[in-house]
Amino acid sequence: MSSVSTKELIHAYVQLPGVLRENFKELRSQAKENLDTCAFTTKKDEEWRFTDLKSITSNKFESVDTGIAQADLELDEYHLPEAMSSRLVFIDGNFSPSHSAIEGMPDGVIVGNINDFPEHEQLRSHLGTMTNYEDDVFVPLNDVNFQDGTFIFVPKETVIEQPIHILNVFTHRNNPHFVTPRVLFVGEMYSKATIIEEHIGLSDNVYLNVPVNEFRLYSGAHVHHARIQRDSKNASHISRPVAMLDAHAEYHSYTICLGSKLFRNEPRVIQNAEEVDFTVDGLVLIDGEQIADTHSIMDHRFSHGNSHQLHKVVVNDQAHSIFNGKIFVAKDAQKIDSFQENRNLLISDTGKVNTKPQLEIFADDVRCSHGATIGQLQDEEVFYLQSRGLTEQKSRELLVYAFALESVESMAVKSVEELLLKEVIAYTNRD
Amino acid sequence: MLEIRNLHAVVEGEELEILKGVNLTVNKGEIHAIMGPNGSGKSTLSKVVSGHPEYEVTEGTILFEGEDITEMDADERAHLGLFLAFQYPVEVPGITNKTLLREAYNTIARANEREELDPLEFEDYLVSKLEIIEMKDEFLNRSINTGFSGGEKKKNEIFQMAVLNPRLSFLDETDSGLDIDALKVVSDGVNKIASPENAIVMITHYQRLLNYIKPDFVHVMMNGKIVKSGDISLAEELEANGYDQMQKELA
């Protein structure tokens with residue numbers, strides 16, 4: 001596609017009233033500078049070559065007023081039974097204390113709104129330090145504009161049993177607007193937590209969702225991180241989740257893309273010391289004219305790292321999936337074991353898939369491999385099920401369901417697994 | 001029960017005829033064996049009868065219980081009580097045997113206005129059928145044919161047959177690739193299922209299977225047609241003299 005000029009994109013942002021608040025002043029003013037100078041230039045076109053950004057560039061997005069979130073909004077149906085006392089709710093980017101519930105956390109644990117802890121030492125030392133996306137407007141946009149956000153701190157050797165549910169809700173608003181959810185997670189040595197980050201559009205309105213996540217795992221920390229994207233079908237979602245891992249840390253992430261017109265996810269996991277283990281899995285179910293683009297980086301900077309990526313995609317109608325998975329192994333990072341797999345199932349004749357594994361390995365004693373497949377349902381499979389009495393439609397649904405299931409089964413939380421099964425069934429039943 | 005009249009069929013979109021005028025009548029309570037050399041069209045016949053979309057009937061009719069099923073979809077034929085045990089059962093990772101069978105059983109029940117079974121009733125029903133193929137409960141929760149040995153796959157076909165209780169079953173090379181123990185289990189299973197109310201058509205290359213499942217009728221298929229029919233002695237003749245000899249005689 002043709003390149004998107006800097007001005008087209010920037011235009012939408014610089015006119016926004018970027019409220020430079022007192023909190024995180026340094027981060028914000030630095031970001032403001034970047035935003036003013038950084039260019040979404042043609043030299044980066046390779047990174048955006050396949051991605052049609054029309055749904056962003058054809059709109060002018062306003063920022064959302066800060067203030068009180070709608071306290072009377074009915075959100076019970078989105079609650080997870082496992083997280084009834086470990087939930088943070090943000091409505092159009094504003095923290096909603098009345099919808100949130102944090103109780104019974106172990107001593108020293110912080111789970112709360114980032115603005116309530118601006119001077120916290122861990123927050124000050126980590127916020128904004130991991131997100132070095134090159135020539136990027138989206139991270140600075142979030143830096144400048146995030147109002148509320150999530151701060152989670154888990155002290156040394158502390159285990160949070162219940163999953164923490166971060167629920168980002170987008171209500172109906174008439175004008176296109178943008179929201180910049182923010183998460184900073186800091187897990188100290190040998191701590192353990194499960195985070196479920198969800199984005200839900202309650203309407204089908206136009207908005208731009210630009211979440212930035214920073215996960216800092218100290219030695220031996222374990223984190224499961226599920227990300228569920230059910231944005232409005234006319235929304236655009238540009239995600240920047242980063243995790244940085246110290247020795248013996250484990251980080252397992254699963255991203256599920258169901259909603260939004262445009263989804264661009266750029267997960268990065270950085271191996272910051274020896275002996276880490278991480279996964280960057282994904283499941284994408286798209287149809288209509290949805291575009292789902294994953295550009296991931298698994299960045300091995302030290303020796304003895306294991307990483308695994310299974311990215312599964314189902315494409316129906318005219319939808320378009322893009323995958324670019326990078327595995328970096330630095331010169332002295334020996335004994336890396338990294339595997340990447342992108343499996344695509346095309347269930348229409350008009351869907352489109354671009355897939356590009358990209359391995360950049362500078363060490364000589366590593367095992368890195370990748371695989372990408374694009375397939376359709378096999379006639380013989382359909383006939384087999386049909387010969388047992390299932391209709392052709394049902395047979396196809398079941399086969400798609402089976403394809404998607406593998407990803408869903410790795411969910412650490414039962415109700416999330418059930419929720420996703422429902423979504424998978426709903427997807428396969430769509431006309 | 002089944003009446004095939006002058007059946008001609010081609011691979012969809014191609015000219016070459018694979019079935020060139022097959023006639024076959026199967027009645028309730030009967031067991032038939034169709035034998036023939038490779039490429040004679042016997043497997044194709046079973047696929048055409050069960051409605052494989054890869055084939056197109058160019059002439060002739062298939063009547064099942066008096067109803068013309070020639071143009072029906074495979075699932076509609078299954079609802080009427082037709083079953084095909086595949087020569088190469090398909091692996092379907094991610095869907096368990098139980099899920100498939102419950103969906104299949106209840107779909108067939110609905111189509112015939114019979115009572116569906118709820119999950120608990122169905123579980124009991126399934127377990128009661130396991131002994132037919134001497135398999136354990138965990139068999140139900142494995143993904144369909146995924147990672148199964150050749151013998152397990154064939155047993156699974158017979159298990160599905162037992163659960164769905166069809167009126168007419170085609171067993172396509174069910175004996176191929178089975179060791180003697182598995183062959184016994186599979187054929188015992190078929191014998192347990194066979195009843196005066198249903199019918200079975202075995203497709204096989206070798207006479208071996210017929211030592212375990214006794215057919216009432218044996219047909220020889222060559223070059224897309226049934227060229228000779230008789231009783232078990234026909235199979236013995238084939239075993240002794242081979243297909244070439246028979247071909248010469250017929251010519």
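Overview of values
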read-out: Cross-link reach list, lysines versus B:K192, counting only Cα pairs under 19 Å and skipping chain neighbours closer than eight places; value: B:K28, B:K129, B:K136, B:K153, B:K154, B:K155, B:K184, B:K214
read-out: Contact order normalised by residue count of the range B:99-161, Cα under 8 Å, 6+ apart, percent; value: 29 percent
read-out: Beta bridges by DSSP in the range B:2-250, antiparallel share as percent, to the nearest 5; value: 55 percent
read-out: Backbone HN-Hα couplings from phi across the range B:6-16 [Karplus 6.51/-1.76/1.60, Hz, Gly and Pro as x]; value: 6, 7, 10, 8, 10, 5, 2, x, 10, 9, 5
read-out: Diffusion constant of the range B:2-250 at 10 °C, which comes from Stokes-Einstein with the Kirkwood Cα-pair radius and 1.306 mPa s, µm²/s; value: 85 µm²/s
read-out: Relative intensity, log₁₀ I(q)/I(0), of the range A:301-415 from a Debye sum that treats every alpha carbon as a point, q = 0.17 Å⁻¹; value: -0.90
read-out: Gain on full stretching of the segment that runs from A:E103 to A:E121 - 0.36 nm per residue minus C-alpha separation; value: 4.2 nm
read-out: Furthest towards positive pole of dipole, A:F153, A:N205, A:V137, structure part the range A:93-232, Cβ charges; value: A:N205
read-out: Cα-only radius of gyration and Dmax that characterise the range A:378-431, units Å; value: 12.5, 36
read-out: Distance between modelled label sites at B:N112 and A:D364, nm, 7 Å Cα→Cβ extension; value: 7.0 nm
read-out: Under 28 Å from the Cα of A:K356 - lysines, other chains or at least 8 residues apart; value: A:K43, A:K44, A:K54, A:K233, A:K261, A:K312, A:K326, A:K331, A:K335
read-out: Highest-fluctuation residue, B:G13, B:G189, B:G21 considered, GNM on chain B with Cα pairs under 10 Å; value: B:G13
read-out: Mean ellipticity per residue at 222 nm, deg cm²/dmol - from DSSP H runs of n ≥ 4 across chain A, formula -39500 (n - 2.57); value: -5500 deg cm²/dmol
read-out: Those residues of the range B:61-90 whose amide nitrogen sits under 19 Å from the label point placed on B:Y125, 7 Å along Cα→Cβ; value: B:75-84
read-out: Karplus 3J(HN,Hα) series, Hz, for the range A:103-109 with 6.51 cos²θ - 1.76 cosθ + 1.60 (x for Gly, Pro); value: 9, x, 6, x, 3, x, 6
read-out: Relative contact order (%) - criterion: Cα under 8 Å, at least six apart; region: chain A; value: 10 percent
read-out: Computed label-point distance, nm, for sites A:I425 and B:Q247 using a 7 Å Cα→Cβ extension; value: 5.4 nm
read-out: Mean Cα-pair separation over length for the range B:61-179, i.e. relative contact order, pairs under 8 Å, 6 or more apart, %; value: 41 percent
read-out: Rg/Rh for the range A:119-167, where both radii come from Cα atoms and Rh is the Kirkwood radius; value: 1.03
read-out: Shape call, the range A:265-321: gyration tensor on alpha carbons, a/c limit 1.5; value: prolate
read-out: Loop-located trypsin sites (Lys or Arg not before Pro) in the range B:79-172, at most 12 other Cβ atoms within 10 Å (DSSP); value: B:R114, B:K136
read-out: 5 angstrom amide H check on A:R264, placed H, neighbours 5+ away; value: A:H237, A:I238, A:S239, A:D293
read-out: Size of charge dipole - the protein assembly as shown - debye, nearest 20, with Cβ of Lys, Arg +1 and Asp, Glu -1, no other charges; value: 980 debye
read-out: Antiparallel DSSP beta bridges within the range A:6-266, percent to nearest 5; value: 10 percent
read-out: Gaussian network model of chain A, springs between alpha carbon atoms under 10 Å - residue of A:P106, A:P241, A:P176 with greatest fluctuation; value: A:P106
read-out: Per residue, the convex hull volume that the Cα atoms of the range A:235-368 enclose (Å³); value: 76 Å³
read-out: Percent antiparallel among DSSP beta bridges (both partners in the protein assembly as shown, rounded to 5); value: 20 percent
read-out: Rounded, prolate or oblate (a/c below 1.5 giving rounded, otherwise prolate when a/b exceeds b/c) for the protein assembly as shown by Cα gyration tensor; value: prolate
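Here, each number is a calculation from the coordinates, and none is a lab measurement. Just so it is clear, the structure is predicted and the values come from calculations on it, not from any experiment. Neighbour counts are summed over all protein chains in view; Cβ atoms, including those assigned to glycine, are modelled from backbone coordinates with ideal geometry.
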